[in-house]
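Please read the structure below before turning to the comments.
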């Protein structure tokens, strides 16, 4: 199971996650409502990113590679070798492991519901994109 991992696909999936995040959280898509939902201004986020970008994006990349690794194992366990079965496994993994965790932020951290929609939505699309990368390489 673990010996069949293609490390190039993990790197590509990690890069894809970052690119998707840049687009998803851009000010033209969901960046403005997301910033409002977490209580940051655009200038605060720019300043924080300017100071901490290497650490922030480096750790996000490592996290994305770990996520892709685990997803790759799940895809192998369930024999998902095409886009449809990969997306199906990604959806169920998202529904079971990601959507409920993000829900906790809404319920216990008093985040607005659009925070859940934006954050969980990103993670769903991200998991599907990662599964597409993994099954295609």
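The values are calculated or read from the model by the stated rules, or taken from the named source; none is laboratory data. Note that the structure is predicted; figures quoted are calculated from it, not measured. Neighbour counts run over all protein chains shown; Cβ positions are idealised from the backbone, glycine included.
Here is how the numbers come out for the structure above:
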quantity	calculated
Residues being without any contact (Cβ under 8 Å) to a residue 60 or more places away in the chain and surrounded by 13 or more Cβ atoms within 10 Å (Cβ to Cβ) - total across segment 71-80	3
Number of the condition not met by residue 5 [criteria: (1) closer than 17 Å to residue 137 by Cβ; (2) modelled with pLDDT of 95 or more]	(2)
Residue match in segment 23-35 (condition: touching a helix residue (DSSP H, G or I) at 6+ places or on another chain (Cβ under 8 Å), at pLDDT 95 or above and more than 19 Å from residue 119 (Cβ to Cβ))	no
Criterion violated by residue 3 - all others in (1) exposed (fewer than 14 other Cβ atoms within 10 Å of the Cβ); (2) farther than 26 Å from residue 113 by Cβ; (3) in contact (Cβ under 8 Å) with a residue 12 or more places away in the chain satisfied	(3)
Scan of segment 118-137 for residues that are over 13 Å from the mean Cα position of the chain (by Cα) and either farther than 28 Å from residue 5 by Cα or surrounded by fewer than 16 Cβ atoms within 10 Å (Cβ to Cβ) (or both), ordered by number	136, 137
Single match in 97, 57 (criterion: surrounded by fewer than 16 Cβ atoms within 10 Å (Cβ to Cβ), in contact (Cβ under 8 Å) with a residue 12 or more places away in the chain, within 29 Å of residue 136 (Cα to Cα) and within 13 Å of the chain's Cα centre (by Cα))	57
